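Written out below as structure tokens is the structure these notes cover.
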Amino acid sequence: MQVFTSPMPKYKTSPGQIVLFPSATTLVEEEAGSISQTRGEAPATEALNLHLPVVLSGSYRKDFEGLRRTYEELQDLGCRVLSPSSVTAVNEIDGFVYMKGEEVQNPEDIETRHLNAIQSSNFVWLHCPNGYLGPTAAAEVGFANAVGVPVYAREAPSDKGMKLLVRVVNSPLQAVETRRGHQEPPAPALKAFQEYYKRVAIQRGYAKERPKDCLLLMVEEIGELARALRKREKLVRHGTFQGTNEAHELADVFLYVVHMANALGLDLSSVVREKEFINLEKFLAR
């Protein structure tokens with residue numbers, strides 16, 4: 001995952017030069033107190049006490065000192081940085097940088113963990129100095145948008161298409177303040193699955209089922225789910241149980257909900273998001 005940097009001493013480099021592991025001849029004395037100076041403008045962690053889970057993505061090859069400062073700024077704001085877990089680069093092989101603790105892991109596992117962290121995060125902070133966005137970071141931005149996680153940055157990507165997926169703010173603090181209250185609900189990542197199930201319905205011969213047919217079958221699945229849960233909770237009832245599994249039965253209920261949305265011609269992700277807005281308004285009005 002080629003997105004992060006290391007807390008290294010400052011080096012004499014030109015603004016566009018790529019330096020991750022500089023030679024000894026380029027190393028100069030680290031300025032005393034530089035870290036505390038970069039943290040001077042951020043509110044204290046104790047003051048905000050937000051603990052928002054966030055992820056850092058972007059380029060470490062351009063302005064990696066700026067990325068390091070952003071990592072520290074997010075921590076000072078009280079955020080919990082899910083990925084990377086470290087900003088100490090220890091090795092680089094074929095252009096892939098390994099952070100401390102990742103030395104024996106393969107790049108696929110590292111990137112998979114980063115994508116999983118994005119799904120668990122409140123937002124993604126994107127580091128794209130001068131609009132630069134590498135292919136890995138671009139994929140991560142697209143992934144974040146697909147799963148409904150907002151992406152913030154100080155600078156918009158140069159690519160016109162990527163600009164549509166990134167929200168430009170003045171600082172990480174503004175992103176945190178935007179996300180700390182009752183947040184705008186994301187659109188559930190259901191569109192692709194709903195389209196998939198539309199094709200499945202045609203292949204399996206039940207694409208022409210009416211909403212009434214779908215409702216009856218869905219209610220039957222809900223009954224099977226209830227039966228599976230009753231068995232797991234060891235609730236006493238007359239009769240015997242067939243082999244049921246609450247996870248599988250719940251999956252069947254979900255599949256019928258998707259099928260019902262297709263039968264009614266509804267975009268399930270859009271209506272779920274719309275309804276959540278209504279739920280939020282009701283909650284705030286109480």
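Points worth noting:
- Scanning region 61-84 for residues that are out of contact with any His (no Cβ under 8 Å at 6 or more places or on another chain) and either aliphatic (A, V, I, L, M) or not in a helix (DSSP H, G or I) (or both) gives Arg61, Lys62, Leu74, Leu77, Val81, Leu82.
- Looking only at residues in region 100-131 that are buried (at least 16 other Cβ atoms within 10 Å of the Cβ) and of a type in the set (Val, Ile, Thr), the one that is modelled with the lowest pLDDT is Ile110.
- Residue within region 177-195 that is over 22 Å from the mean Cα position of the chain (by Cα), loosely packed, with under 15 Cβ neighbours inside 10 Å and not assigned by TED's automatic domain parsing to the domain that holds Ala144 present: yes
- Test: residue in region 224-235 that is closer than 29 Å to Gly148 by Cα, in contact (Cβ under 8 Å) with a residue 12 or more places away in the chain and surrounded by 12 or more Cβ atoms within 10 Å (Cβ to Cβ): yes
- Selection count, region 92-130, where residues are without any contact (Cβ under 8 Å) to a residue 40 or more places away in the chain and among the hydrophobic types (A, V, I, L, M, F, W, C): 3
- Qualifying residue in region 202-210 (condition: touching a residue at least 40 places away in the same chain (Cβ under 8 Å), farther than 22 Å from Ala187 by Cβ and among the basic types (Lys, Arg)): yes
- Of the residues making up region 244-267, those that are at pLDDT 90 or above and polar (S, T, N, Q) number 1.
- Test: Val97 is part of a strand (DSSP E or B), at pLDDT below 95 and surrounded by 23 or more Cβ atoms within 10 Å (Cβ to Cβ): yes
The values are calculated or read from the model by the stated rules, or taken from the named source; none is laboratory data. Keep in mind that what you see is a predicted model, and the values were worked out from it rather than measured. So basically every Cβ, Gly included, is an ideal-geometry build from the backbone, and we count neighbours across all protein chains shown.
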